[in-house]
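What follows is a short report on a single structure.
What follows draws every value from the coordinates through simple rules; no lab data is involved. Since we're looking at a predicted model, the values are computed, not measured. A quick note on method: Cβ atoms are made from the backbone with ideal geometry, for glycine too, and the neighbour counts reach across all protein chains shown.
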Amino acid sequence: MSAIRYSFGADEHVFAEIDEGMSLEAFFKGMAICKELEKRRIPGVSEICPSNASYLVRFDPDVIHTDKMMATLQEIEAQIGDAEIDLPTRIVELPVFYNDPWTNETGQRFRERHQDPNSSDIEYTARINGFKSIDDFIAAHSGAPWFVSMVGFVAGLPWLYQIVERSKQIEAPKYLRPRTDTPKLTIGFGGCFVAIYSVRGAGGYQMLGITPAPIYDPEQKLPYFKDFLAVFKPGDIVKFKPISRQEYDRDIKAVEAGTFDLTFRPVNFSLKDFHKDPGGYSRRLVEVLYGH
Amino acid sequence: MAIEVIKPGLATTVQDVGRPGYYNVGIPLSGALDQYALRVANLLVGNDEGAAVLEASLLAPELVFRAPAIIAITGAEATPKINGEARPRNESFAVKADDRLTFDFMRSGARSYVAVAGGVDVPVVLGSRSTYGLGALGGFSGRKVAAGDVLPVGQPRPGARAGRALAGDLAPSYPKSLELRVVTGLYFHRLTDEAARTFFEDTWTVAPEADRIGYRYRKGRPLSFRERKQPFGAGSDPSNIVDAGYPYGSIQVPGGLEPIILHRDAVSGGGYAMIGTVISADMDRVAQMQPNNLARFVAVDMAAALKARAEYKAREARLRALLSA
């Protein structure tokens with residue numbers, strides 16, 4: 001990775017591009033800088049937003065001068081350097097009903113906007129990534145866990161990046177023209193990212209399935225919304241668990257009854273250990289979920 | 001005291017100074033798009049300058065006051081009327097129980113503000129009463145107001161009185177054609193030399209898609225991005241980047257066609273290259289542009305952006321001195 005590229009967003013923002021391309025290294029560096037910046041509690045800094053391979057800071061130049069703001073970020077970059085970074089975080093299992101009827105129906109309504117009008121989104125994504133069947137694709141997609149690498153676009157919408165070697169990354173283009181509709185809680189996929197649509201709305205990502213678990217709720221009804229109205233934060237690790245129609249229906253009933261819950265477990269992620277043995281490291285991460 | 005909504009207008013929401021601190025989870029700043037007009041409205045009725053008001057967009061609402069109150073109307077040039085009789089803008093006045101507020105059409109400007117002494121008293125959510133519609137958060141039930149809604153009003157301050165007015169040069173006007181100052185940067189280098197020039201040469205027209213999320217402009221020449229092998233994880237279009245955070249006021253050009261300035265209900269991030277950012281001092285002026293108004297973008301450096309900001313702040317200070325007396 002080369003040096004970070006800094007740019008002012010007029011008088012109230014600094015944008016820092018760690019790298020042009022997505023990688024775990026770029027994501028980790030951005031997270032580390034944002035965490036250090038948060039820790040310093042600098043007066044005038046109002047927003048610290050890590051995002052994939054970059055980060056964004058909003059500040060009040062009447063409180064901290066633009067030059068001082070820039071110098072502070074560069075100083076933090078130098079302090080962190082290329083040190084091996086460990087990320088203390090948490091892991092959660094999220095149920096997904098892949099290849100479900102609702103996102104398939106929505107996909108059918110917008111077929112003329114898709115690269116391949118004769119396939120469903122999941123068939124297309126599986127095929128162009130060289131999988132022999134949808135089941136093989138689901139096994140890969142739900143096998144290794146994913147990092148929440150950014151939260152945004154709209155309230156509580158997480159972007160996720162799979163914790164596998166570059167050669168195993170799944171990739172897919174976005175729709176040729178965006179849809180005007182996407183069901184709430186759709187598991188979308190575009191570029192190399194999953195996006196979980198926290199609210200219903202427009203979207204251009206391939207639709208792979210749907211989760212029964214609400215991830216954004218201003219009314220904070222379920223137990224896991226106790227502390228905040230959005231579930232995910234950058235740095236969280238998510239393992240997708242394929243579920244059947246029966247399991248999906250059961251979960252939806254539990255959501256409606258207010259008894260549905262998600263379990264988060266603390267975990268420490270070491271990039272160095274991951275690189276030594278990516279497959280084994282992923283498996284060990286997931287084992288944390290099941291109490292091994 | 002309460003305000004009853006008879007007709008909601010096009011998009012009328014409760015707004016205040018906004019909700020900073022949650023952009024990292026996709027919850028934008030929100031708050032009045034024209035922050036200056038918000039402060040004027042509140043100071044005229046003796047409120048804290050950041051109290052919650054009603055923001056009307058393009059087509060103003062019809063409201064009935066259920067009890068006597070002191071109110072003030074600021075923002076777009078649209079004559080307010082009480083029971084059909086014209087009232088001044090930028091001046092506080094008294095209304096009686098059952099008085100009906102209507103508006104003429106907006107001759108210039110796109111946002112009107114209705115402040116009432118005591119402020120609109122909806123619940124505070126994450127530190128603000130502002131409405132964030134996409135997230136169904138804050139404001140009145142997380143949405144724009146609808147016919148039949150009854151909006152609670154807080155306790156007026158002792159200083160609230162009728163007849164407080166804005167002095168001439170502190171009252172803004174809203175020209176139909178203006179210059180917006182932009183600091184280039186972010187992914188400006190991705191534009192071709194020609195696009196980097198024509199963006200500033202052309203006159204752009206506000207599109208009908210101009211709302212609290214963003215302002216879309218059209219009728220300038222299309223902007224091309226430099227061809228390259230797209231980086232891993234960015235989309236296939238040359239206007240795509242690896243999804244990143246969007247500054248408020250940043251300008252993106254999906255597909256190189258129509259520039260969009262993100263405003264206070266911004267989508268917080270995405271995969272379109274941003275080519276620069278409108279300076280903070282010009283964001284109120286963006287908010288008051290109507291569809292079909294004209295804009296030219298003017299490149300300025302940071303020193304000019306900070307100077308414009310200082311002038312904006314000085315004007316705010318004069319406003320406070322005048323209206324707090």
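List of remarks:
- Of the DSSP H helices in chain A, those whose Cα atoms cover at least 15 Å axially and whose Kyte score averages -0.5 or more: A:24-40, A:66-80, A:278-289
- log10 of Debye I(q)/I(0), alpha-carbon scatterers only, for the range B:177-312 at 0.18, 0.19, 0.20 Å⁻¹: -0.99, -1.10, -1.22
- Our coupling estimate for the range A:42-58, obtained by passing each phi through the Karplus curve with A = 6.51, B = -1.76, C = 1.60 and θ = phi - 60°, is 6, x, x, 7, 10, 9, 10, 10, x, 8, 6, 10, 8, 8, 10, 10, 10 Hz, Gly and Pro reported as x.
- Cα→Cβ-extended label distance, 7 Å offset, between residue B:304 and residue B:176, nm: 2.7 nm
- Under 5 Å, built H, 5+ apart or other chain: amide partners of residue A:163: A:146, A:147
- Amide H contacts of residue B:100 (H built 1.01 Å from N, under 5 Å, at least 5 apart or other chain): B:83
- Once you reduce the range A:183-240 and the range B:1-76 to the center of their Cα atoms, the two points are 31 Å from each other.
- Given 10 as the ceiling on other Cβ atoms within 10 Å, longest exposed-site-free region of chain B for trypsin sites (Lys or Arg not before Pro) in DSSP loops: B:1-227
- Loop-located chymotrypsin sites (Phe, Trp or Tyr not before Pro) across the range A:225-292 with a Cβ neighbour count of 11 or fewer within 10 Å are A:290, with loop assigned by DSSP.
- Counting only alpha carbon atoms, the long axis of helix B:35-44 and the longest principal axis of chain B meet at about 10°.
- When its C-alpha radius of gyration is set against 2.2 N^0.38 Å (N residues), chain B gives a value of 1.03.
- Sparse-neighbourhood loop sites, chymotrypsin sites (Phe, Trp or Tyr not before Pro) in the range B:71-132 - DSSP loop, at most 12 other Cβ within 10 angstrom: B:105
- In Hz, Karplus ³J(HN,Hα) per residue of the range B:138-153 (6.51, -1.76, 1.60; θ = phi - 60°; x = Gly, Pro): x, x, 8, 6, x, 8, 5, 6, 10, 4, x, 5, 10, 9, x, 10
- Trypsin sites (Lys or Arg not before Pro) lying in DSSP loop within the range A:6-66, provided at most 11 other Cβ fall within 10 Å: A:41
- Spacing of the modelled spin labels on residue A:254 and residue B:218, each 7 Å from Cα toward Cβ, amounts to 4.8 nm.
- Using alpha-carbon coordinates, inclination of helix B:302-324 to the longest axis of chain B, degrees: 0 degrees
- Size-normalised alpha-carbon gyration radius of the protein assembly as shown, reference 2.2 N^0.38 Å: 0.99
- For the range A:5-82, alpha-carbon Rg over 2.2 N^0.38 Å: 1.01
- The range A:119-166 and the range B:162-207: distance between their alpha carbon centers, rounded to Å: 41 Å
- Cα convex hull volume per residue for the range B:2-173 (Å³): 103 Å³
- Where GluC sites (Glu not before Pro) in DSSP loops with at most 15 other Cβ within 10 Å are excluded, longest remaining stretch of chain A: A:1-83
- Here, P(r) means the percent of Cα pairs in each 5 Å bin from 0 to the largest distance; for the range A:88-289 it is 1, 7, 15, 21, 21, 17, 10, 6, 1, 0.
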